[in-house]
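Just so it is clear, none of the values below were taken in a lab; they were calculated from the coordinates. A quick note: this is a predicted structure, and the numbers were derived from the prediction, not measured. When we count neighbours, we look across all protein chains shown, and the Cβ atoms used for this are built from the backbone with ideal geometry, even at glycine.
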There are 2 protein chains.
Amino acid sequence: MSETSGAKRIRRDPEVAKALILDATETLMLEEGYAAVTTRAVAKQAGLAPGLVHYYYPSTDDLLVAAYRRTTQRNLESLTAVLSSEDPLQAFWRFQTDTPHMALAVEYMALANHRKAIKAEIARYADYARDLQAEALAPAIRNAPLDHEICPPVCVTTLLVSVARTLVMEEQAGISRGHAETRALVRWLLDRMTAPADA
Amino acid sequence: MSETSGAKRIRRDPEVAKALILDATETLMLEEGYAAVTTRAVAKQAGLAPGLVHYYYPSTDDLLVAAYRRTTQRNLESLTAVLSSEDPLQAFWRFQTDTPHMALAVEYMALANHRKAIKAEIARYADYARDLQAEALAPAIRNAPLDHEICPPVCVTTLLVSVARTLVMEEQAGISRGHAETRALVRWLLDRMTAPADA
DNA sequence: GTCTATATAATGATAGAC
DNA sequence: GTCTATCATTATATAGAC
């Protein structure tokens, strides 16, 4: 079929085209899951020709790794802002329970289990980020309900991320039992922990 | 190609064939993720012809729902055993941190986000199970470190499941930072909670 | 740099032989 | 009940025109 169905050829800055492709990849991962990230779907979502996706990202793994790295970069910037805010612990909780952010993180985690190229990338960043978070949040934990020996800062961040991840994952899956109570508990604990250390 | 490459036709009890198919589905989900559950892969794993899978489970959704229901049935039996054991809270934690069990649960959760037929099934069971767990574990929480008002039983089970899920998910993805400390903390808390109510 | 066209492989699902 | 053969669809990836 050689009917002139095609779109016009638009000359773009390579960085613009790549950004369009990565944006589309992210949208698809969020809305339909990582399995929906196919050459065609990405191209369609981005309004580009399928071939162009392969031009910039030869294989699907290349595309996914590039998308993950950009997300990581952005997350580190958000994290820096969070940790330098007035109430870092509360800001950290808000950041982790932000649905788009955490939902995307969950997709990448699921992806890590099944794409080796991504797995190494994810593990490296996750371990690094947890250390960074624990170190930076430590000063904000002024009034811990548990002894520092039994509950060091890395436990606090691990627990917060665990609960935030579960709340977001389950909400997306239509599960809500216990969520209101758990959110209330975390709010209560964070309020206590961030209160002046004299209660 | 009509070379006689084929396997012999073995007459089985339908229940046996179905069990083989569901076993293969579970194995694939655990080892390669839900995306690896294709008609052909399941048939190969089960040592059966691809056509037979569709004979029992016309569509892939039918297969996945059947597999999920069998898993659910087994989980409820395990849960009953856990809750009637000597130390239900500790047994519950061991059950939730059992890697194959939790890894499979995580795959189904990921699946729920992208297959509508499964989503309803999962949400229904998850909400039901959480209520069941909270109710049954309540008596075992003899010495809670936090007030019952701010941390009711449903919070305890939600938190335990959240942390167990994260530990298993992350370990599978090659992430380990903070895990040892968090496991130690949970052990410490569970020991306190299950101690005689007089400390 | 961008598009169309196509080679190749894998998928879900069905028809029909045994 | 089980298997083989096959169709229609969709995937990754590449070649080449513009």
Based on this model, can you work out whether B:VAL53 counts as assigned to a helix (DSSP H, G or I), of a type outside the set (S, T, N, Q) and surrounded by fewer than 17 Cβ atoms within 10 Å (Cβ to Cβ)?
no
Say we look at the range A:11-45 and pick out the residues that are small (Gly, Ala, Ser) and either within 15 Å of DNA strand D (Cβ to nearest atom) or within 14 Å of chain B (Cβ to nearest Cβ) (or both); which of these is farthest from B:LYS116 (Cα to Cα)?
A:ALA17
Checking B:ALA140 against (1) more than 9 Å from chain A (Cβ to nearest Cβ); (2) touching a helix residue (DSSP H, G or I) at 6+ places or on another chain (Cβ under 6 Å); (3) within 17 Å of A:LEU160 (Cα to Cα), which test does it fail?
(3)
Would the range A:97-105 turn up any residue that is free of Cβ contacts under 8 Å to residues at least 60 places away in the same chain, buried (at least 17 other Cβ atoms within 10 Å of the Cβ) and among the aliphatic types (A, V, I, L, M)?
no
Output the residues belonging to the range A:143-171 that are facing chain B (nearest Cβ under 7 Å) and surrounded by fewer than 21 Cβ atoms within 10 Å (Cβ to Cβ).
A:ILE150, A:CYS151
More than 14 Å from chain A (Cβ to nearest Cβ) and touching a Lys or Arg at 6+ places or on another chain (Cβ under 9 Å) - does that describe any residue in the range B:111-120?
no
A:LEU79 - would you say it is within 16 Å of DNA strand D (Cβ to nearest atom), under 27 Å from A:THR158 (Cα atoms), assigned to a helix (DSSP H, G or I) and in contact with a helix residue (DSSP H, G or I) (Cβ under 8 Å, 6 or more places away or on another chain)?
no
